[in-house]
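The structure appears right after this line, and notes come after that.
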Amino acid sequence: MGLKYNHRIVAGSALALLIALTGAVRAEDKPAVAAPQATFDATSVDTFAGAFLAARTADNDYDYATAISLYRTALKYEPDNVDVRERLMICLFMNGEFDAGVVEAERLKDDPVVERIATIARGVEAIRNKEFAKASALLKYSGPNELDRMVNTLLMAWGQFGEGKTADALKTVEKMRGPEWYGIFKNYTIGMIAAAAGETETARRKLTETIANRDEGVSATDTYMRAVFALATLEAKAGNHQKALDALSVGEQFAPGYLPLQAFRKTIESGAKPDILVNSPTDGMASVLFAVGGALNQSVANAPDRESAQDIVAFYLVTSYALAPSADAAVLLGGLAEGIDKPDRAIEWYRRVPVDSPLRRVSELQLGLNLVNTGKVEEARTHLKAAITADPRDIRGYLAYGSLLSDQKDYEEMAKVYDKAIEIIGPMPKRNDWSIFFQRGIAYERLKRWNLAEPNFKKALELYPDQPQVLNYLGYSWVDMNIKLEEGLGMIRKAVDLRPDDGYIVDSLGWAYYRLGRFDDAVSELERAVELRAADPTINDHLGDAYWRVGRRLEAIFQWRTALSMKPEEAEIPKIRMKIKAGLPEIEVKKASQDKTADDATRSLAVAAALPRTEFKKGAGAEQPAAETEKTAEEAPEPGEKALRPAVHTVNRGESLWEIAREVLGDGHRFHEIIELNPELRRFPDRLKPGQMLKLPAAAD
């Protein structure tokens, strides 16, 4: 089965994306080429149930356009159905149809389920229509939710500013009380309202306070950098040339290599006096929504419940863009689209970044990588090669093109690309250059030139000691070749310590134990890896192998069947079927050897955090089945053969299929049965939403 790179570094902010493209590309379990989406004819549905169920399926798959059409069809049959109208409103906002979304928000203004979104949308619409008093009234909030209280208060203040009540607006924000994390948003908003009102001293003081607090800035990087730009602009406008440059220096210390800062420094050094970016109520409201959306996106970037936060993050950013289109909002929205495997939508957002924006470069690189994921490989090659030609000294271009070549298994060309990048870097590489050496090492290793690969991995670790991906890759390579066993195993353990929630790296440790014959240790780690990556066929296959070796043969067969149901690579299907039929052969413990006789499959998930997972195969051992195991294997029942009656479970926030199976069915391994009863989960089994209703197998009658 072809799998793709997630070429985007997981990062929750526009700043993080721009900088992180100098990091290593990560692998994700997604199709290498997006399958053509079958268009659904909403007019062919002639019942409420049919329209609603089809709409929910499209909604869960983030196909908002289809969902919108089907929800509207459902409403023709039940126009007063609030549940349908709620999801219609959300989908309209997610699809960028703000005006239509506001219409639904008005209809749902008294609905407590979507009150927070409907209220903000109505307040924003009032601001757009210059109905500032109405906006202020709508946005008053005294409820218990700290985020809602802050967002509504800041938006209300901009409404007061629009009424000409600057003093009231500033007082509204000043009086706002809440947790410590309010600080950066509070100071930034006061600074921007004061700047828009021409109150330079207040603006200077508050913006200076904002950028002086680096700790708060780390949790809201986009807001912090906007404050840097605002203060530099304010000082330049006032003729304080050096103070403007000083403000930029603070930003450069916070985010070295941030290209928009470099471009803005040139603007200031030229003597220009740029205008304040936020100078109207509409701009101000957009800045609040962007600040909060960006910070939320950043805070949940690696959280297990990221999917559940998707709607509110996207709502804030889409609404911000609707009010005042900005390059950084477009980049973040492109990233959100990538995160839900919608490359076409991501491309649309990246194309909205203006040609003269400093973020245009990163948007072009991400656009090229998303072209690959839509199946337009040759167009992507041309696009990314042109990006390198346009700026041959920008290392990010080589990383982007190199990842495409790796995805296509063109390792010779990949090595040449990184050779050129290292030539550009010169004799004094920096810490951020570790990924170039790492990726070149991968290219050489794939070409079976270990004598060239190993020095590159070591150089990457020299530049970035304890980098988890490199520790994992190099450590497993040594274990796989039966050399430097203790050192290699120690590296993998350290990688797991650094990334305990990375299922691929945990699998790597488990599979290393397996390769060393430490099967009990292997089971322990591989069970944890399956908890972290329940839907991964290779990890499930590995766990099956480990179960077999410790005598848990029925569980091994179930695990292999689970792996088989998850559409593994074509080459692995007959191997897994043979194991289901005949089990694993006895193994002999071999002495250390430099000979790498194992199939590349034995390298497996050890390198999953770095390589396109098209290249991972399974471990050794299925070639010569042991005859005595045939009866046991053949007699094992297929999952789901018992007569089961359906049960229903409502998904709670943060739950996974494994957890539901473990808590409700008594065994996490039974998550596969849940997938069988809920076909909509087959494509994205990890994508659960709070409130989602799942059929569950009940106890046998």
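Structure notes:
- Total residues in the range 340-358, condition surrounded by fewer than 24 Cβ atoms within 10 Å (Cβ to Cβ) and either over 15 Å from the mean Cα position of the chain (by Cα) or without any contact (Cβ under 8 Å) to a residue 12 or more places away in the chain (or both): 11
- Gly334 vs. criteria modelled with pLDDT under 95 and in a helix (DSSP H, G or I): yes
- Within the range 170-188, considering residues that are modelled with pLDDT of 95 or more and of a type in the set (Phe, Trp, Tyr), the one surrounded by the fewest Cβ atoms within 10 Å (Cβ to Cβ): Phe185
- Every condition in (1) surrounded by fewer than 24 Cβ atoms within 10 Å (Cβ to Cβ); (2) under 28 Å from the mean Cα position of the chain (by Cα) holds for Asp480 except the one numbered (2).
- When Leu526, Leu498 are checked against the criterion of being within 25 Å of the chain's Cα centre (by Cα) and buried (at least 23 other Cβ atoms within 10 Å of the Cβ), a single residue qualifies: Leu526.
- Answer from Met94, Met150 - the residue that is closer than 25 Å to Asn60 by Cα and either under 28 Å from the mean Cα position of the chain (by Cα) or free of Cβ contacts under 8 Å to residues at least 12 places away in the same chain (or both): Met94
- Candidates Lys342, Lys409, Lys458, filtered to the one that is at pLDDT below 95, under 25 Å from Trp478 (Cβ atoms) and either out of contact with any Pro (no Cβ under 7 Å at 6 or more places or on another chain) or β-branched (Val, Ile, Thr) (or both): Lys409
- Each residue in the range 555-574 was checked for being surrounded by 21 or more Cβ atoms within 10 Å (Cβ to Cβ) and more than 20 Å from Ala534 (Cβ to Cβ), and 0 pass.
- Test for Lys385: is it basic (Lys, Arg), surrounded by fewer than 18 Cβ atoms within 10 Å (Cβ to Cβ) and within 30 Å of Pro325 (Cα to Cα): yes
Residues checked against (1) under 24 Å from Leu516 (Cα atoms); (2) charged (D, E, K, R):
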residue: Arg381; (1), (2): no, yes
residue: Ala390; (1), (2): no, no
residue: Pro429; (1), (2): no, no
residue: Pro465; (1), (2): no, no
residue: Tyr476; (1), (2): yes, no
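- Residue check, Ala49 in a helix (DSSP H, G or I), farther than 28 Å from Gly284 by Cα and modelled with pLDDT of 90 or more: yes
- Residue within the range 395-411 that is without any contact (Cβ under 8 Å) to a residue 12 or more places away in the chain and charged (D, E, K, R) present: yes
- The number of residues in the range 161-189 that are within 24 Å of Glu131 (Cβ to Cβ) and under 32 Å from the mean Cα position of the chain (by Cα) comes to 1.
The values are calculated or read from the model by the stated rules, or taken from the named source; none is laboratory data. Everything numeric here is computed off the predicted structure, so don't read it as measured data. Cβ sites come from the backbone with ideal geometry, for glycine too, and all protein chains shown count toward neighbours.
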